[in-house]
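Heads up, the thing below is written out as structure tokens.
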Amino acid sequence: MALRKFAFNVASLTLARGLQTVASIVAIPILARFLQPSEFGLIALAMPFILFCMAIGDAGLGQSLVRVNQSETVVWSSAFWLIMALSGGLSLFVLALAWPYAIAFEHPEVAPIVAVLAISPFLQGLTALPVAELQQRERFQLLAATEVIASFAALVSALVLAATGAGVWALVSQATLYWVVKAIAILFASSFRPKLQFAVSALEGHFTFSRDSAIGNLVAFFNRQIDPLVIGRMMGATPLGLYSMANRLAILPAQLLAAPAQNTLYVKMVALRHDIAALRDLVLISSLAVAILVFPPMAIASVSSHSFFVVFLSEKWAEAAILFAILAPVAAIQVVSTIWTPMLLATENTTLRLRIGIEMTVMWLAILPFAAMYGLLAVVIAYVVSYTAFSLLRSYNKFLSPVQLNVIDMTRSLAAPLLVSTGAALVHLGAMWALRLPPLGEVALALAEMVLALALLVLVCRKTLRAHVGQLRALFSAAPPLAEGARVASPIKIYVWPLDPTAPAAAGELASLSEKEAARMARFVFDKDRFRFGQSHARLRALLGAHLGVAPADLRFAENAHGKPLLVGGPFFNLSHSHNLAALAMSDDLDLGLDIEHVRAIEGPQIARRFFSPQECSALNAYEGENYENAFYRCWTRKEAYVKAQGEGLGIPLDSFDVTLDAETPPRLLRIDGDDASAWKMWAFSPAPNYQGAVALRTAEAISFEVITSA
């Protein structure tokens, strides 16, 4: 049932994208006959400024809030008002700089175009959280319908204006009307309504995610949109129009398949984020499915591009055909790699995505100006060579590492689509050498070859595809919709703060401690220990009190039969401190255990033999030096977190259970005497440099964690 729903969601968005793509395929030749390459060049020159602002328009908060239950109205409303302030300010920023921007690129006619398009960032911000709400409820059919309505309204407007001689304003109306219609449709479809609430503190756990996402979008912007800026500035509007058309057609498969798959996969990957094996299977299966659909058509379109451009766009666009032919193979591979983005977001590897994006952008910025000196063809060749080399040697391995895959693994998985597509392209070239068909005949031949290549590929992969369907059914049955109670919607919060061993906590903070806590603090012999205890317990009360809306001094604690502290009335919590750092884990619904440890030298293996199981000691012996110390504390914190979660103190023999301790394997319990280890979840993190941390809890549900670090 879950697989059927997922397939229906993907099919809905893909159908919507398909209708948009078909409409674009029909509309682009018509527009290309009414408009000149220079007019396409003007809109291509105006759009980078708009897209730059839209890249940061929602500050990445939209995707972050997909993980948050809608009952947390303060969080959702605060995010909405922050996004509106940012996106509204960006629209005003665009409007103010429209004329300076046009003058800087020596095309004054671009200024009014930019001024009209300035409304786009505001409309995007207006729809960010309504879209997130629809995604969370998996209402992808409604999202698909809004895309179709907005796209068709925009295309009709563009065609009518182009036919009446409006020139570049036909394209401006298309870009603007799309966002106007989409905003109206999204607001009508979504049940999200913001309240007059705003608290920056409510968004603390989202700022890291949103920062990395927003910067990642900016990096992606520079990676994709710096080309039009440089080409427009160095070569003019006409070459830019040719480049824009080639690039627009090359990315059609991404618009058709990648975006719908991303939207639906992200929700499932968030729910499966702690099951690395399941995520790995999902990445491999979805990559193969997309490759089967994309590789053969793009390979054949690449080798027959001249005829397609002449037949569908007219002879004046023939120069763009060779550009498309070079871009198409890389564009096909990029469609597959785009599928990996939701996995990086779901596993909170936004920093990795950001770092790799920055590296690629810096490299391309260094190469592009020199390539542009030698013309459009040099720019395209330079991009393909640099992107391919960087991807194969670095970025793809890094992107796949969170699910323990690499380029070689992925290449093996995609071997059939790669071989069939290469063979189909060679067959087409051989047929054209023998038949010498005119452009229309070559187009007909290419379309037939695309169908045959797809059929052959499905036949070759039929056993693999049949097995994958069974895998997907099992994966999705284990990943409930986020809006139906999966714990990932209410992340467990982990607060981390430093301790000062040289000074006590403020008198006002210490006044919140109970008599029992004050007496315990006074029993410490050394000042540094007394200071750390006072600071950690005062902050514990402050955080729990803020969560409940209660004064810290009014909190009432109890203990279980083994002495584990409990807060009367909840939430569940666990405190840990080591050296000069403290951490607090908090959950409204699930009891848990937390441990952090300062990584320091270990004196011989005898400590491990005393506290670890034989299996853990054996695994630990594979490490030496600094790696040994890190592995030791990974094991220690995970075992301690489990013991604290059980709440039985020293009553649990430490050799009665095993945990993973290597950095590559997801943290989990491997064995528990008298219990099911798979019923437990474990999460590891580094609360600060030279510290290890772990959380353990018993639950079958998907869980997410937010680490909030403060001074």
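Looking at this structure, is V180 under 18 Å from M54 (Cα atoms) and either surrounded by fewer than 17 Cβ atoms within 10 Å (Cβ to Cβ) or out of contact with any helix residue (DSSP H, G or I) (no Cβ under 6 Å at 6 or more places or on another chain) (or both)? First the steps, then the outcome.
Working: under 18 Å from M54 (Cα atoms): yes; either surrounded by fewer than 17 Cβ atoms within 10 Å (Cβ to Cβ) or out of contact with any helix residue (DSSP H, G or I) (no Cβ under 6 Å at 6 or more places or on another chain) (or both): yes.
Yes; evaluated as a whole, the condition is true for this residue.
So, of the residues in the range 525-542 that are open to solvent by less than 50 Å² (accessible area, probe 1.4 Å) and touching a Lys or Arg at 6+ places or on another chain (Cβ under 9 Å), which turns out to be farthest from P571 (Cα to Cα)?
That would be F533.
Scanning for something β-branched (V, I, T) and open to solvent by 10 Å² or more (accessible area, probe 1.4 Å), does the range 88-109 turn up at least one residue? Please lay out each step first, then the result.
So in the range 88-109, the residues β-branched (V, I, T) come out as 94, 103.
Among the residues that remain, those that are also open to solvent by 10 Å² or more (accessible area, probe 1.4 Å) are: 103.
Yes, some residue in the range 88-109 is β-branched (V, I, T) and open to solvent by 10 Å² or more (accessible area, probe 1.4 Å).
Search the range 187-225 for residues being assigned to a helix (DSSP H, G or I) and at pLDDT 80 or above, and hand back the single one that is surrounded by the most Cβ atoms within 10 Å (Cβ to Cβ). Steps first, answer last, please.
So the first thing to find is which residues in the range 187-225 are assigned to a helix (DSSP H, G or I), and the list is 187-189, 200-225.
Restricting the remaining residues to those that are at pLDDT 80 or above gives 187-189.
On the way: L187: 14, F188: 10, A189: 18.
Checked the range 187-225; the qualifying residue surrounded by the most Cβ atoms within 10 Å (Cβ to Cβ) is A189.
Just checking, does the range 18-38 include any residue being assigned to a helix (DSSP H, G or I), over 30 Å from V707 (Cβ atoms), among the hydroxyl-bearing types (S, T, Y) and at pLDDT 70 or above? Give the derivation first.
First, the residues of the range 18-38 that are assigned to a helix (DSSP H, G or I): 18-34, 37-38.
Restricting the remaining residues to those that are over 30 Å from V707 (Cβ atoms) gives 18-34, 37-38.
In the following step, the residues that additionally are among the hydroxyl-bearing types (S, T, Y) were identified as 21, 24, 38.
Narrowing the set further to residues that are at pLDDT 70 or above leaves 38.
Looking through the range 18-38, at least one residue is assigned to a helix (DSSP H, G or I), over 30 Å from V707 (Cβ atoms), among the hydroxyl-bearing types (S, T, Y) and at pLDDT 70 or above.
Quick one: in the range 607-631, which of the residues that are part of a loop (DSSP other than H, G, I, E, B) and hydrophobic (A, V, I, L, M, F, W, C) is nearest to V496 (Cα to Cα)? Please lay out each step first, then the result.
Of all residues in the range 607-631, those part of a loop (DSSP other than H, G, I, E, B) come to 612-613, 621-624.
Those left that are additionally hydrophobic (A, V, I, L, M, F, W, C): 612, 622.
Values: F612: 27, A622: 31 Å.
By that ranking, first place goes to F612.
I need every pair where a residue in the range 550-563 that is touching a residue at least 24 places away in the same chain (Cβ under 8 Å) and within 13 Å of G647 (Cα to Cα) has its Cβ under 6 Å from the Cβ of a residue that is open to solvent by 50 Å² or more (accessible area, probe 1.4 Å) and assigned to a loop (DSSP other than H, G, I, E, B), sequence separation at least 6 or different chains.
What qualifies is H562/E648.
Which residue out of A489, A467 is open to solvent by less than 30 Å² (accessible area, probe 1.4 Å) and either under 30 Å from R137 (Cβ atoms) or at pLDDT below 90 (or both)?
Values: A467 fails: open to solvent by less than 30 Å² (accessible area, probe 1.4 Å).
Just a single option satisfies the conditions, and that option is A489.
Restricting attention to the range 381-415, which residues are among the β-branched types (V, I, T), closer than 19 Å to S286 by Cβ and surrounded by fewer than 16 Cβ atoms within 10 Å (Cβ to Cβ)?
Keep residues of the range 381-415 that are among the β-branched types (V, I, T), which gives 381, 384-385, 388, 403, 407-408, 411.
Restricting the remaining residues to those that are closer than 19 Å to S286 by Cβ gives 403, 407-408, 411.
Once the filter is applied, which keeps residues that are among the β-branched types (V, I, T), closer than 19 Å to S286 by Cβ and surrounded by fewer than 16 Cβ atoms within 10 Å (Cβ to Cβ), the range 381-415 yields I408, T411.
Only one residue in A145, A158, A150 is open to solvent by 20 Å² or more (accessible area, probe 1.4 Å), part of a helix (DSSP H, G or I), in contact (Cβ under 8 Å) with a residue 24 or more places away in the chain and not aromatic (F, W, Y). Which one? Please lay out each step first, then the result.
On the way: A158 fails: open to solvent by 20 Å² or more (accessible area, probe 1.4 Å); A150 fails: open to solvent by 20 Å² or more (accessible area, probe 1.4 Å).
Of the residues listed, the single one that is open to solvent by 20 Å² or more (accessible area, probe 1.4 Å), part of a helix (DSSP H, G or I), in contact (Cβ under 8 Å) with a residue 24 or more places away in the chain and not aromatic (F, W, Y) is A145.
Please note which helices (runs of 4 or more DSSP H) are completely contained in the range 282-367 and include at least 2 residues that are closer than 16 Å to Y383 by Cβ and in contact (Cβ under 8 Å) with a residue 24 or more places away in the chain. Even if it seems obvious, please write down each step before you answer.
On the way: elements: 305-312, 319-338, 341-346.
Counting at least 2 such residues, we get 319-338.
Any chance the range 326-340 includes a residue that's over 19 Å from M298 (Cα atoms) and modelled with pLDDT under 90?
First pass over the range 326-340, keeping only residues over 19 Å from M298 (Cα atoms): 340.
Cutting the leftovers down to modelled with pLDDT under 90 gives us 340.
For the range 326-340, residues over 19 Å from M298 (Cα atoms) and modelled with pLDDT under 90: present.
Pick from the range 265-319 the residues that are at pLDDT below 90 and of a type in the set (S, T, N, Q): which of them is surrounded by the fewest Cβ atoms within 10 Å (Cβ to Cβ)?
Selected residue: S314.
Name the single residue, out of those in the range 690-711 being part of a strand (DSSP E or B) and closer than 18 Å to Q646 by Cα, that is modelled with the lowest pLDDT. Please lay out each step first, then the result.
Quick first cut of the range 690-711, residues part of a strand (DSSP E or B) only: 691-698, 705-709.
Then drop every residue that is not closer than 18 Å to Q646 by Cα, which leaves 693-698.
Values: G693: 93, A694: 93, V695: 94, A696: 93, L697: 91, R698: 86.
The selected residue is R698.
Could you please find all residues in the range 579-600 being open to solvent by 10 Å² or more (accessible area, probe 1.4 Å), under 23 Å from D658 (Cα atoms) and either touching a Cys at 6+ places or on another chain (Cβ under 6 Å) or not charged (D, E, K, R) (or both)?
Within the range 579-600, L590, H598, V599 qualify.
Just to check your reading of the model, which residue among L452, L418 is closer than 22 Å to L323 by Cα and either open to solvent by 50 Å² or more (accessible area, probe 1.4 Å) or at pLDDT 95 or above (or both)?
Values: L452 fails: closer than 22 Å to L323 by Cα.
So the residue among L452, L418 that is closer than 22 Å to L323 by Cα and either open to solvent by 50 Å² or more (accessible area, probe 1.4 Å) or at pLDDT 95 or above (or both) is L418.
Are any residues in the range 632-652 without any contact (Cβ under 8 Å) to a residue 12 or more places away in the chain and not in a helix (DSSP H, G or I), and if so, which ones? Working first, answer last.
As a first pass, look at the range 632-652 and keep what is without any contact (Cβ under 8 Å) to a residue 12 or more places away in the chain: 650, 652.
Residue satisfying the conditions is I652 alone.
Test of understanding: among E442, E449, which residue is of a type in the set (D, E) and over 28 Å from L392 (Cβ atoms)?
On the way: E449 fails: over 28 Å from L392 (Cβ atoms).
One residue alone meets the criteria, E442.
Could you give every pair whose Cβ atoms fall below 9 Å, whose first residue belongs to the range 45-56 and is more than 20 Å from A85 (Cβ to Cβ) and open to solvent by less than 10 Å² (accessible area, probe 1.4 Å), and whose second residue is of a type in the set (S, T, N, Q) and at pLDDT below 80, counting only separations of at least 6 or pairs across chains?
P48/Q225
Exactly one condition in (1) over 30 Å from A44 (Cβ atoms); (2) at pLDDT below 75 is not met by Q63; state its number.
Tallying (1) over 30 Å from A44 (Cβ atoms); (2) at pLDDT below 75, Q63 fails exactly one: (1).
Would you check which residues across the range 668-692 are open to solvent by less than 40 Å² (accessible area, probe 1.4 Å) and touching a Ser or Thr at 6+ places or on another chain (Cβ under 6 Å) and list them?
Residue satisfying the conditions is Q692 alone.
Name the single residue that is farthest from N580 (Cα to Cα) among those in the range 693-711 being among the β-branched types (V, I, T) and open to solvent by less than 10 Å² (accessible area, probe 1.4 Å).
Applying the first criterion (among the β-branched types (V, I, T)) to the range 693-711 yields 695, 699, 703, 707-709.
Restricting the remaining residues to those that are open to solvent by less than 10 Å² (accessible area, probe 1.4 Å) gives 695, 703.
Values: V695: 19, I703: 28 Å.
This residue is I703.
The values are calculated or read from the model by the stated rules, or taken from the named source; none is laboratory data. Note that the structure is predicted; figures quoted are calculated from it, not measured. When we count neighbours, we look across all protein chains shown, and the Cβ atoms used for this are built from the backbone with ideal geometry, even at glycine. Heavy atoms of the whole protein, side chains included, go into the accessibility calculation; ligands, DNA and RNA do not. Shrake-Rupley method; radii C 1.70, N 1.55, O 1.52, S 1.80 Å.
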